[in-house]
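Asker: Structure below; questions to follow.
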Amino acid sequence: MTTTDNTFIPLSEIRKPPVPDPAKAPTEDIREQLFALEDAGELIVQRVPEPYIEVMTKYGRTKKIPEQMTWHHKSCGQCGHIPGYSTSIFWLNRQFGMSYMDPTDQTSCTAWNYYASATSNAVAQAGVASRNFAAAYATGYFPMIHCGTSYGHYKETRHEIVHHEELRHKVRDIMGKLNKPLVMPEEIVHYSEWIHAMRDRIAERQVRDFSSITASIHPACHYYKLVTEDAIYDPDIYGGQRTATVTGIVESLGSTVGDYSTFFDCCGFGFRHILVQRDFSRSFATQRKIEVMKEEANPDVVITHDTGCVTTLDKSQFAAKAHQRNVGVPVLSDAQFAALAMGAHPYRIAQLHWHATDYTALLEKMGIDWEAAWAEFEVDLGRLERGEIEYLSWEDADA
Amino acid sequence: MTVTSPPSQFTALPGGGIAHGSYADVPYEDKLALWEEVKADARFPDYMYGCYECGICVAACPSARFYDFSPRKIAQAAAREDVELVFEQMNDDVWNCSQCFSCNRCPRQNSPGGLITLLREVAVRNGLTTAKDALEGYGRVVYKIMTTGTQISPDMLQPDAFPDWGPDVEKTSDNLELWRRALPPETLHTTEMSWQVSDETLIELYLIWLHSDVMDMIEQADEGLHMIILDVMEETLEDAGYEV
Ligand code: SF4
Ligand code: SF4
């Protein structure tokens, strides 16, 4: 192929789709609307603190990811049922000496009530979001959202606050009753975006060889299907046709990405289904995801970046195994995967004993003596039981 | 739509459309009022622009694969303002949706999933029996989130609640308090909450519930649950010097 000036373009370049031009984005840049509302005295926009890392989002716009001064908006399901997920996020921040805050002045986004049971409404949801944002603003730390659903839901809420004046004023009134201003962060940032932005630095600190590991990626629905234009895309990852988060860190750590045809499918979580109609969640997670991955990529591990996805894909495999289905792939978050690569303890930090599917073969491939690691953790548990220590400290965890 | 000779199990309606057998006893005006409530929501114009009837949403939809369910039918019924069909869907189909928003790839920029969120909300707010049935077994989650500000707390990991997740659930629940103390982040030593939420934060959360009409929605869905949540909130707020 030649161009008009007869310059030869290599085939690899032709196949690569052009980098999107933000001027041609099909959607508005909501940040411009936020700044306009701020100028009109309607709300406060909390700026991303410096230093930040710039990344590209779906339509070619630039998004700022703060390196530090982050206010960690935790996830119910991560903290409650798979706490090695949150612990690994904090551990990574600590390893890089990043200043962060793990607040008690934070509630859930409560989107579970919104998406699962519909026992909430737009005003209440925007109120909860605004309260958390105002709490972060008061500390000077910038919100870093751990949960994919909170991230997606807050983006929807931001849209509603910006575009629906009546709702905005109702929420501002409620905030007034709490003696808080109406605040919106300049960017809604998911922790996996921080991991993505930090991936080269994480790889520099890698102490375990992950080159023999094949990982299949499950991109979280609420990360990129809700308000899609905020998600990170990269022309070098899937030609910019799929989200770059998670895949980027897995590649940077030297593992092989095992692609599979049902990557777009959800995990089967379903919000209400995982609690009251779990037959659906189990069937979907195993038949549409794990079995397809096994058949097409035979991965050592599934890596994902949201609470419900880790839970559903991991826990659903027990019953399927009892039915002799083709399952048996451990499921980790990108945070746990990155932490393990940097030498984190599999039980003190990654807390893998909270996971269900057998992960021991994966740890062996990572070069981790899991039996010795568990024995170390049992010593910790003994000290806790005997009252020698009240809690396991960060120093204990890195001893 | 004009129905000239409806099948015998259906009833022709003055406003067009047909009354389906299962909900023929519900007056058309009631169904229409619910539909008007859906349309009046500020989010509705963001979720519904019309429908090409292309089925792209169905191809992407997990619930369509495993249930007799279709986001296209949801979008079509809304686009055509088929009040009867919307009412039927509000009583049944909407509870099959996984709220994954895979259907947001709609070329018409619809969000059938978002539309379903609205339909569910209207069903709950109006206390439809089917909504109450759908929420049965859900009270503990609603209670947790509204009173503690977190949900899916560690103490919800009980073997009788998750028998299909294998023997590890029992191991976790047996060791819960000890394993929580073995977590380095200081906020995670809790068992009844997912993390430690400060008292002042909870008070602010309760005030948000009271100043939006969420409590009315809970009352419609489950009166008993409403009373329990209100008791907890009132006690905390009164102790903190608020007049409730
Ligand atoms: S809702 Fe959208 S994707 Fe679904 S049938 Fe209609 S136009 Fe097509
Ligand atoms: S949000 Fe509901 S309707 Fe849309 S794809 Fe997901 S399950 Fe289907």
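Asker: Can you return the lysines within cross-link range of A:LYS365? Criterion is Cα-Cα under 24 Å, with same-chain partners fewer than 8 residues away left out.
Answerer: A:LYS289, A:LYS294, A:LYS315, A:LYS321
Asker: Now for a different question. Considering only protein heavy atoms, with the full assembly of protein chains and a 1.4 angstrom probe, order B:TYR143, A:TYR359 by accessible area, largest first.
Answerer: B:TYR143, A:TYR359
Asker: Something else now. Going by Cα centres, segment A:371-399 and segment A:291-349 are how many Å apart?
Answerer: With segment A:371-399 and segment A:291-349 each reduced to a Cα centre, they are spaced 25 Å.
Asker: Could you list the residues of segment A:55-70 with an amide nitrogen less than 19 Å from a label point located 7 Å from the Cα of A:SER99 in the Cα-to-C-beta direction?
Answerer: Of the residues in segment A:55-70, A:65-70 have backbone N under 19 Å from the label point off A:SER99.
Asker: Which of the three applies to segment A:201-376, rounded, prolate or oblate, going by the alpha-carbon gyration tensor with a ≥ b ≥ c and a/c under 1.5 meaning rounded?
Answerer: Oblate, since a/c reaches 1.5 and b/c is not below a/b.
Asker: Same structure, new question: For the protein assembly as shown, what % of the accessible area comes from carbon and sulfur atoms, probe 1.4 Å?
Answerer: 47
Asker: Please compute one quarter of the surface area of the Cα convex hull for chain A and express it in square nanometres.
Answerer: 22.7
Asker: Is segment B:135-239 best put as rounded, prolate or oblate by its Cα gyration tensor, with a ≥ b ≥ c the root eigenvalues, rounded for a/c under 1.5, and otherwise prolate when a/b is larger than b/c, oblate when not?
Answerer: Note, shape of segment B:135-239 comes out oblate.
Asker: May I ask you to derive the relative contact order of segment A:169-269, considering only C-alpha pairs under 8 Å and at least 6 residues apart, and to give it as an integer percent?
Answerer: 31
Asker: Over the whole of A:355-364, what's the average partner chain Cβ count within 10 Å per residue? Rounded to a whole number, please.
Answerer: Mean partner shielding for this stretch: 1.
Asker: With charges set only on the Cβ (+1 for Lys and Arg, -1 for Asp and Glu), what does the dipole of chain B come to about its Cα centre, in debye to the nearest 20?
Answerer: In total the dipole reaches around 1520 debye.
Asker: With point charges of +1 on the Cβ of Lys and Arg and -1 on the Cβ of Asp and Glu, referenced to the Cα centre of segment B:16-126, which listed residue (B:TRP35, B:PRO107, B:SER22) lies farthest in the positive direction of the dipole?
Answerer: Looking along the dipole axis, the top candidate is B:PRO107.
Asker: Further question: Note down the accessible area of B:HIS211, probe 1.4 Å, to the nearest 10 Å².
Answerer: 80
Asker: Let me ask something additional. Can you give the Rg to Rh ratio of segment B:16-126, both from alpha-carbon atoms, with Rh computed by the Kirkwood formula?
Answerer: Here the Rg-to-Rh quotient is 0.94.
Asker: Using a 4.7 Å Cβ cut-off, which Cys residues in chain A lack a partner cysteine?
Answerer: A:CYS76, A:CYS79, A:CYS109, A:CYS147
Asker: Using a 1.4 angstrom probe on protein heavy atoms only, which residues from segment A:104-138 are buried by at least 50 Å² of accessible area when all chains are present rather than their own chain alone?
Answerer: A:THR104, A:THR107, A:TRP112, A:ASN113, A:TYR114, A:TYR115, A:SER117, A:ALA118, A:THR119, A:ASN121
Asker: Mind checking the per residue accessible area of chain A for me, 1.4 Å probe, whole number of Å²?
Answerer: Each residue of chain A exposes 35 Å² on average to a 1.4 Å probe.
Asker: A further question on this structure: Take chain A, connect every pair of alpha-carbon atoms lying under 10 Å apart with a spring to form a Gaussian network, then pick out the residue of A:ASP234, A:ASP21, A:ASP314 with the largest mean-square fluctuation.
Answerer: A:ASP21
Asker: Mind checking which of A:HIS164, A:ILE274, A:THR247 is farthest towards the positive end of the protein assembly as shown's charge dipole, using Cβ charges of +1 (Lys, Arg) and -1 (Asp, Glu) about the Cα centre?
Answerer: Selected residue: A:THR247.
Asker: While we're here: Where the only charges are on Cβ atoms (+1 Lys, Arg; -1 Asp, Glu), what is the dipole of segment A:168-218 about its Cα centre, to the nearest 20 debye?
Answerer: Dipole of segment A:168-218, to the nearest 20 debye: 420 debye.
Asker: What does the charge dipole of chain A about its Cα centre add up to, to the nearest 20 debye, if the Cβ of each Lys and Arg holds +1 and the Cβ of each Asp and Glu holds -1?
Answerer: Computed charge dipole of chain A: roughly 980 debye.
Asker: I'd like the distance separating the alpha-carbon centroids of segment A:154-216 and segment B:184-202, in whole Å.
Answerer: Centre-to-centre (Cα) distance: 21 Å.
Asker: Sticking with this structure for a sec: For segment B:135-239, what does the relative contact order come out to in percent, with C-alpha contacts under 8 Å and a separation of six or more?
Answerer: 28
Asker: Looking only at B:VAL26, B:VAL58, B:VAL86, which one moves most when chain B is put into a Gaussian network model with springs between Cα atoms under 10 Å?
Answerer: B:VAL26
Asker: Which residues make up the longest stretch of chain A that has no GluC sites (Glu not before Pro) in a DSSP loop with at most 16 other Cβ atoms within 10 Å?
Answerer: A:29-387
Asker: Then there is this: Mind ranking B:ASP68, A:ASP306, B:ASP30 by accessible surface for me, highest first, 1.4 Å probe?
Answerer: Ranked list, largest accessible area first: B:ASP68, B:ASP30, A:ASP306.
Asker: Okay, moving on. Give the residue from A:GLY140, A:ILE290, A:THR110 lying farthest towards the positive end of the charge dipole for the protein assembly as shown; charges sit on Cβ (+1 for Lys and Arg, -1 for Asp and Glu) and the dipole is referred to the Cα centre.
Answerer: A:ILE290
Asker: From the helices alone, meaning DSSP H stretches of at least four residues, give me the mean residue ellipticity at 222 nm for chain A, per-run term -39500 (n - 2.57), in deg cm²/dmol to the nearest 500.
Answerer: Using -39500 (n - 2.57) per qualifying helix, the result is -11500 deg cm²/dmol.
Asker: For A:SER211 paired with A:ASP398, estimate the spin-label separation in nm (one decimal), with each label point 7 Å from Cα along the Cα-to-Cβ line.
Answerer: 2.8
Asker: Using Cα pairs under 8 angstrom and six or more residues apart, how large is the relative contact order of segment A:30-191, in percent?
Answerer: With pairs under 8 Å counted, the relative contact order is 31 percent.
Asker: Enumerate cysteines in chain B without a disulfide-compatible partner, where compatibility requires another Cys Cβ under 4.7 angstrom.
Answerer: Unpaired cysteines in chain B: B:CYS51, B:CYS54, B:CYS61, B:CYS97, B:CYS106.
Asker: While we're here: Take chain A, connect every pair of alpha-carbon atoms lying under 10 Å apart with a spring to form a Gaussian network, then pick out the residue of A:ASP230, A:ASP300, A:ASP200 with the largest mean-square fluctuation.
Answerer: A:ASP200
Asker: Could you work out how far apart the two model spin labels at B:ASP133 and B:GLU200 are, taking each label as a point 7 Å from the Cα in the direction of the beta carbon, and quote it in nm?
Answerer: The answer from the label model is 4.8 nm.
Asker: Right, next: With solvent modelled as a 1.4 Å probe, how much accessible area in total do chains A and B shield from it at their shared surface, in Å² to the nearest 100?
Answerer: Heavy-atom accessible area buried at this interface is about 7300 Å².
Asker: Okay, moving on. Using a ≥ b ≥ c from the Cα gyration tensor of segment A:30-191 (square roots of the eigenvalues), is it rounded, prolate or oblate, where a/c under 1.5 gives rounded and otherwise the larger of a/b and b/c decides, a/b for prolate?
Answerer: In terms of gyration-tensor shape, oblate.
Asker: What are the lysines whose alpha-carbon lies under 19 Å from the alpha-carbon of B:LYS144, with same-chain residues fewer than 8 places away excluded?
Answerer: Of all the lysines, those that pass the test against B:LYS144 - Cα under 19 Å, at least 8 places apart if same chain - are A:LYS74, B:LYS132.
Asker: Under a straight-distance cross-link criterion of Cα-Cα below 17 Å, which aspartates and glutamates are reachable from B:LYS39, leaving out those fewer than 8 residues away in the same chain?
Answerer: Straight-line reach from B:LYS39, under 17 Å: A:GLU160, A:GLU166, B:GLU29, B:ASP30, B:GLU81, B:ASP82, B:GLU84, B:GLU88, B:GLU121.
The values are calculated or read from the model by the stated rules, or taken from the named source; none is laboratory data. Just so we're clear, the structure is a prediction, and the values are computed from it rather than from any experiment. When we count neighbours, we look across all protein chains shown, and the Cβ atoms used for this are built from the backbone with ideal geometry, even at glycine. Surface areas here come from the heavy atoms of the whole protein model, side chains and all, with no ligands, DNA or RNA. Shrake-Rupley method; radii C 1.70, N 1.55, O 1.52, S 1.80 Å.
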